[in-house]
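Below is one structure; the comments refer to it alone.
The values are calculated or read from the model by the stated rules, or taken from the named source; none is laboratory data. Nothing here was measured: the structure is a model prediction, and the numbers come from that model. Note that we place each Cβ from the backbone using ideal geometry, even for glycine, and neighbour counts take in every protein chain shown. Areas reflect the complete protein model, heavy atoms only, side chains present, ligands, DNA and RNA absent. Shrake-Rupley method; radii C 1.70, N 1.55, O 1.52, S 1.80 Å.
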Amino acid sequence: MGPVRGVRKRKKADKKPEENASGSGSSEKEGPVDWWDEFSKRINGLQSPAKGLDKFESVFKVSRKTFDYICSLVNEDMLAKSAHFVFTNGKPLCLYDQVAVALRRLSSGESLVTIGDAFGVNHSTVSQVTWRFVEAMEERGLHHLQWPSTEAEMSEIKSKFQKIRGFPNCSGVVDTTHIMMCLPASDPTSDAWLDQEKNHSMVLQAIVDPDMRFRDIVTGWPGKMKDWTVFQSSNFYELCDRGERLNGKILDLSKGLDIREYIIGDLGFPLLPYLVTPYEGKELPEPKAEFNKRHYATRMVAHRALARLKDKWRIIQGVMWRPDKHRLPRIILVCCLLHNIVIDMEDEVQDEMPLSHKHDSAYHQQICGTVDVNGVHLRDKLSLYLSGRMPMPP
């Protein structure tokens, strides 16, 4: 599969988090609480509770409410196909069982054999069920990852960004991370995936809102590609260049000085009319130094989002053992969808996770150096405004 470049609109009506959040739609009559009672007894009979399999949230990284909503999303697609998945004792896997296996695989990053042994299924069943879940989420969950579609939604995003460190009319933060892989020496394509830090990796680029929600992603490209090349190969870049993205309300800061919609990113990205990067250099005058401090603090939103993504969905954390490079972009996409669903459902589990900003600690800062004169003007106006030498917007 080629790179995942954002998401496409679904033709069918999508379910919203508020709808069907309490039923699975399956043939089983018992709810998820009753199902968990039986399921937990099964896995705790195989694994000691001391290993963290005694609490629902510790097993699946989501609350029961969110788990049930996810089941309602994938119910139709996962039960439509005729495959008959069973436990090793011959009992069929219901919808909840299948979602449980898939979520455990994605959230723990444990091997197929480890999960199979813990849940009482063959490792091949773990693989097949997980992939079916990935396909179902691609089909049913894409509405959880999309660019703001209304002026009110975008206005709320820009207001929240301004409250962080003062950036007016900011619409997002762009950042990249690497999903590391262990490829066999016999793989003829292994050199193509060898990045600047001598790791085999795949890039994930994400544009994030102030709530750490992914609004646009690109993945599938080899880790050796530079950040700016990935960005300039994206559909988002093409839309911006055609004036079809970041084309909302212009904010008047004062007479003759206005600010268009824009996103911010680090020095690995080009300075463009709609993408603002920091000033380069160490001995900067106070206004530029203050601008960089605020810029960095605002970018932390994306750092934390990517760090949480990897920490919560650990199948993409660390080094993946000989992954299918055609399937991996789709797994990354589904992990991003699940990340957003947890936010959209206001899942209390996310509040229990420590905030980290380290998602690519083994990698050094890339420097793009490309500068657009209109980007320079936008950055200078923002710096002037943030320095306090310009009147506040009305």
query = Which condition number does residue 285 fail, the rest of (1) open to solvent by 70 Å² or more (accessible area, probe 1.4 Å); (2) in contact (Cβ under 8 Å) with a residue 12 or more places away in the chain being met?
reply = (2)
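Considering only segment 325-344, I want to know if a residue exists there that is touching a Lys or Arg at 6+ places or on another chain (Cβ under 6 Å) and among the aliphatic types (A, V, I, L, M).
If we filter segment 325-344 for residues that are touching a Lys or Arg at 6+ places or on another chain (Cβ under 6 Å), which is where we start, we get 340, 343.
Right, trim to among the aliphatic types (A, V, I, L, M) and you get 343.
Yes - at least one qualifying residue is present in segment 325-344.
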query = Identify, please: which residue in segment 148-189 is out of contact with any helix residue (DSSP H, G or I) (no Cβ under 8 Å at 6 or more places or on another chain) and surrounded by 17 or more Cβ atoms within 10 Å (Cβ to Cβ) and is, among those, farthest from residue 98 (Cα to Cα)?
reply = 162
ask   = Pick from 306, 333: which is out of contact with any helix residue (DSSP H, G or I) (no Cβ under 8 Å at 6 or more places or on another chain) and surrounded by 17 or more Cβ atoms within 10 Å (Cβ to Cβ)?
value = 306
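What do you reckon, is residue 99 surrounded by 18 or more Cβ atoms within 10 Å (Cβ to Cβ), of a type outside the set (Gly, Ala, Ser) and within 18 Å of residue 344 (Cβ to Cβ)?
Working: surrounded by 18 or more Cβ atoms within 10 Å (Cβ to Cβ): yes; of a type outside the set (Gly, Ala, Ser): yes; within 18 Å of residue 344 (Cβ to Cβ): yes.
Taking the combined requirement at face value, the residue satisfies it.
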task = Under 7 Å between Cβ atoms, at least 6 apart or on separate chains: pull out the pairs that start in segment 178-206 with a residue that is without any contact (Cβ under 8 Å) to a residue 40 or more places away in the chain and assigned to a helix (DSSP H, G or I) and end on any residue that is aliphatic (A, V, I, L, M) and open to solvent by less than 50 Å² (accessible area, probe 1.4 Å).
result = 190/183
query = When both residues are 6+ apart or on different chains and their Cβ atoms are under 9 Å apart, which pairs have a first residue that lies in segment 217-243 and is within 26 Å of residue 319 (Cα to Cα), and a second that is part of a strand (DSSP E or B) and among the charged types (D, E, K, R)?
reply = 217/5; 218/5; 219/5; 220/5; 227/175; 233/5; 234/5; 234/216
message = Can you find, within segment 121-134, the residue that is farthest from residue 84 (Cα to Cα) among those that are assigned to a helix (DSSP H, G or I) and either in contact (Cβ under 8 Å) with a residue 60 or more places away in the chain or open to solvent by less than 10 Å² (accessible area, probe 1.4 Å) (or both)?
response = 134
ask   = Are any of the residues in segment 104-113 at pLDDT 90 or above and more than 30 Å from residue 181 (Cβ to Cβ)?
value = no
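Residue by residue, here is whether (1) more than 25 Å from residue 72 (Cα to Cα); (2) free of Cβ contacts under 8 Å to residues at least 24 places away in the same chain holds:
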| position | (1), (2) |
| --- | --- |
| 106 | no, no |
| 137 | no, no |
| 141 | no, no |
| 153 | yes, yes |
| 161 | yes, no |
| 170 | yes, no |
message = Between a residue in segment 35-57 that is open to solvent by less than 20 Å² (accessible area, probe 1.4 Å) and any residue that is among the aliphatic types (A, V, I, L, M) and at pLDDT 85 or above, which pairs come within a Cβ distance under 6 Å, given they are 6 or more apart or on different chains?
response = 43/118; 53/59
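Quick test for you: out of 326, 339, pick the one residue that is within 22 Å of the chain's Cα centre (by Cα), in a loop (DSSP other than H, G, I, E, B) and closer than 22 Å to residue 142 by Cα. Don't jump to the end; show me each part of the working.
On the way: 339 fails: in a loop (DSSP other than H, G, I, E, B).
Of the residues listed, the single one that is within 22 Å of the chain's Cα centre (by Cα), in a loop (DSSP other than H, G, I, E, B) and closer than 22 Å to residue 142 by Cα is 326.
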task = Kindly provide the set of residues from segment 354-387 that are assigned to a loop (DSSP other than H, G, I, E, B) and at pLDDT 80 or above, ordered by number.
result = 363, 364, 365, 366, 367, 368, 369, 370, 372, 387
